[in-house]
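Trainee: I have a structure I would like to understand better, so I am pasting it below and will then ask my questions one at a time.
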Amino acid sequence: MARLPYLQRGDLPPEHQDLLKRDIAINQVLAHSPGAARAFSDLGMFIRHRSRLDPRLRQLAIMQVGWSARSPYEWSHHVQIGRDFGVSDADIAALAEETEGRGSGLEPLARLVLRGAREMWVGPGMSADTFEALRPHLDNECLTDLIVTIAYYCGVVRILATLEVDVEPEWKPFLHEFPLPG
């Protein structure tokens, strides 16, 4: 059970009810601070819909953070969202292999993106070697978007863990299909 109550639209004044147009648990908890919820959502929507970064690579980076953090909420949501943006089941399996230090069938750029996400998760940031290895593949805008995406989702998983946000029932099947490591 979350540490703060899950708010519904009717719990919010009319000017803030739009915060729950995506009526998911994380939004229901963050709505306790409408200003923070709005800022949080704005950056998330930029990452998902307006960034020039390749959507599949973006989702692989996000999924790597969710996997590394052992975040059931993040992982379950982004298995489906990742699929919507071109992540295959083979990519998901390869992410697990790459995390364990085993080779996979992923192309070199995807492996670099995953490595960068793991490095940023462990912190404090991406190594110079990984950053430089990404430069020939991503222009400065896309490289910046990748780093912002990874940093944002490192924050997301910490918010989810601290507020103990529950995985909604409709997302739980993804945890059975692709279980997080123990």
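A short reminder: the numbers here are calculations on the coordinates, not readings from a lab. What you see is a predicted model; the values in this text were computed from it and never measured. With ideal geometry, Cβ positions are generated from the backbone for all residues, glycine too; neighbour counts draw on all protein chains shown.
Trainee: State which stretch of the chain is the longest one without any exposed GluC sites (Glu not before Pro), exposure meaning a DSSP loop state and at most 12 other Cβ atoms within 10 Å.
Mentor: 1-99
Trainee: Then there's this: Tell me the angle of helix 108-122 to the major Cα principal axis of the chain, expressed in degrees between 0 and 90 and rounded to the nearest ten.
Mentor: 50 degrees
Trainee: Right, next: Assign unit charges at the C-beta atoms only (+1 for Lys and Arg, -1 for Asp and Glu), then state the dipole size of the chain relative to its Cα centre in Debye, rounded to the nearest 20.
Mentor: It works out to roughly 180 debye.
Trainee: Can you find, among ILE24, PRO14, LEU4, the residue sitting farthest towards the positive end of the charge dipole of the stretch 1-50, where Lys and Arg contribute +1 and Asp and Glu -1 at Cβ?
Mentor: Farthest along the dipole direction, towards plus: ILE24.
Trainee: Now for a separate question. Counting other C-beta atoms within 10 Å, and keeping those with at most 12, which DSSP coil trypsin sites (Lys or Arg not before Pro) do you find in the stretch 62-104?
Mentor: ARG102
Trainee: For Cα pairs less than 8 Å apart in space and 6+ apart in sequence, what is the mean separation divided by the residue count of the stretch 2-76, i.e. the relative contact order in percent?
Mentor: 19 percent
Trainee: Got a sec to turn the phi values of the stretch 25-31 into Karplus ³J(HN,Hα) couplings, 6.51 cos²θ - 1.76 cosθ + 1.60 with θ = phi - 60°, whole Hz, x for Gly and Pro?
Mentor: 4, 4, 5, 5, 7, 5, 4
Trainee: Still on this structure: Hey, what angle do you get for helix 140-163 against the long axis of the chain, alpha-carbon based, 0 to 90 degrees rounded to 10?
Mentor: Rounded to the nearest ten degrees, it is 50.
Trainee: While we're on this one: For a quick check: sort VAL165, VAL148 by the number of other beta carbons within 10 angstrom, fewest at the front.
Mentor: VAL148, VAL165
Trainee: Determine the calculated [θ] at 222 nm for the chain from helices alone, applying -39500 (n - 2.57) to every DSSP H run no shorter than 4 residues and normalising by the residue count; nearest 500 deg cm²/dmol.
Mentor: Calculated at 222 nm, the ellipticity per residue is -18500 deg cm²/dmol.
Trainee: If you don't mind, another one. Report relative contact order for the chain in percent, whole number only (criteria: Cα-Cα under 8 Å, sequence separation at least 6).
Mentor: 31 percent
Trainee: Consider all pairwise Cα distances in the chain and report the whole-number % of them above 22 Å.
Mentor: For the chain, the fraction of Cα-Cα distances above 22 Å is 45 percent.
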